[in-house]
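Remarks on the structure that follows.
The values are calculated or read from the model by the stated rules, or taken from the named source; none is laboratory data. What you see is a predicted model; the values in this text were computed from it and never measured. All Cβ positions, glycine included, derive from the backbone under ideal geometry; neighbour counts span all protein chains shown. SASA here: full protein model, heavy atoms, side chains in, ligands and nucleic acids out. Shrake-Rupley method; radii C 1.70, N 1.55, O 1.52, S 1.80 Å.
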Amino acid sequence: MGRESAPRSRRPAGFGGWWWLGLGGIEPSKMTLRSGHFFSSFYLDRIIFVSNFEGSVLSSWWGPHVGFQARKATTERSKRPTKRVACGRVRLSARHAETARAPMPPPRRAGAGDTSAFFAATLVLWAVSVGFEIGARGRRELAAVAAGFAFFQAANTAVRAAVSRDPLFVNTAVSLLHSSLTSASVIFVLLCQWRTKGLENMFQHEELVGSSWIGAYSALCFSCGYFAYDQLDMLRYRLYSGWIPGILMHHLILLICFTLALYRNVTINYLILTLLCEMHSIFLHVRKLRRMAGFRDFNRKLVKLEWVLNWTTFVTARVICHILITYKLITDAHKFDKGIELPLALSGMAGMNVLNVSLGLDLFKAFARERNQQTHQD
């Protein structure tokens, strides 16, 4: 007896079947609050399954609300034994998953528009430079950079072993640790300086450019080691998107600015003031971890409090702080010596202010999206 065939469906010629798959637990990408894309292929039982992941990285956490269902429309087998190809689309079936909108991106090919090799090469050159300064030139004070890198790499290993093996979750958890430690250290440095020299004297041009507050140099070295670790972790697990990933470019600019300042021992206090924005980064990382854990009820008091703190620190610790630093650089421009300090500082702050505008727009879209999703559910 012949095998009964399934009804013919509309699909591209040459495709032997159609798969429909519903998966939950997709989380937003690390770089932005908008959904990204992740293209992958699987070879399963002589079937090549090509999928477009609407979202970024599949979280390793699977809650009871995640549904999984599949159906397959089969066709007659060909007389000649050939590999059958199926094309599918992953859809979100989780209760709180976001709606997918963007089209399928082209597959990522090694060497075809992939700039990861450039960022990896610059990271290697940076490591060689820092190692040369410490080993050959005896700059022992720069050992805190290597200590920061080792500390956050050890934290990554601990979170991966004890909590979750999802690269995005681990990276976000370590980033939260860095933001918390950096915010505490910067506030401690500022309070000590305020008690020592007073508020009027601590923001003089000579203090901000030519000297270094107590603990400021070590804190900057420690953060520099973190950005090197985070750059390596994102390159290793491809936690970025785009031909020129903004997060990798951001880390590269910070590594260049921080390292040159540490080598020349100038503008250390200016850079410490820029790190006040890490107070806002705390709530960005908390929000991402909360959503990855499945807590997306906008009406909860803790979620509303998180958004209040998110917006408050964004305006105060990021926007206002960076605008004041830029204003101080412009008004004291005539006091700088001829060199790269002023052009590098102004260009860096200009880039930070542009990024703040983009981040603010993304933050507003995420806030409106969560509120609208809760309204529809109610």
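Residue 314 falls short on exactly one of the conditions (1) open to solvent by 30 Å² or more (accessible area, probe 1.4 Å); (2) within 23 Å of residue 187 (Cβ to Cβ); (3) not polar (S, T, N, Q), and that condition is (1). Per the conditions (1) in contact with a Ser or Thr (Cβ under 7 Å, 6 or more places away or on another chain); (2) on the phi > 0 side of the Ramachandran plot, the sole criterion not satisfied by residue 241 is (2). The set of residues in the range 130-146 that are assigned to a helix (DSSP H, G or I) and either open to solvent by less than 50 Å² (accessible area, probe 1.4 Å) or farther than 30 Å from residue 321 by Cβ (or both) comprises 130, 131, 132, 133, 134, 135, 140, 142, 143, 144, 145.
Pairs meeting the criteria (first residue in the range 110-125 and closer than 18 Å to residue 237 by Cβ and surrounded by 11 or more Cβ atoms within 10 Å (Cβ to Cβ), second residue at pLDDT 95 or above and among the small types (Gly, Ala, Ser), beta carbons under 9 Å, at least 6 apart or on different chains) are 123/228. Among the residues that make up the range 326-333, is at least one of them open to solvent by less than 70 Å² (accessible area, probe 1.4 Å), within 26 Å of the chain's Cα centre (by Cα) and aliphatic (A, V, I, L, M)? No, the range 326-333 contains no residue that is open to solvent by less than 70 Å² (accessible area, probe 1.4 Å), within 26 Å of the chain's Cα centre (by Cα) and aliphatic (A, V, I, L, M). Annotation: residue 281 fulfils all but one of (1) at pLDDT 95 or above; (2) small (Gly, Ala, Ser); (3) open to solvent by 30 Å² or more (accessible area, probe 1.4 Å); the unmet one is (3). Within the range 278-325, the only residue that satisfies the criterion of being of a type in the set (Gly, Ala, Ser) and in contact with a Ser or Thr (Cβ under 8 Å, 6 or more places away or on another chain) is 281. Residues that are open to solvent by 40 Å² or more (accessible area, probe 1.4 Å) number at least 3 in the following helices (runs of 4 or more DSSP H) confined to the range 152-237: 167-197, 216-237.
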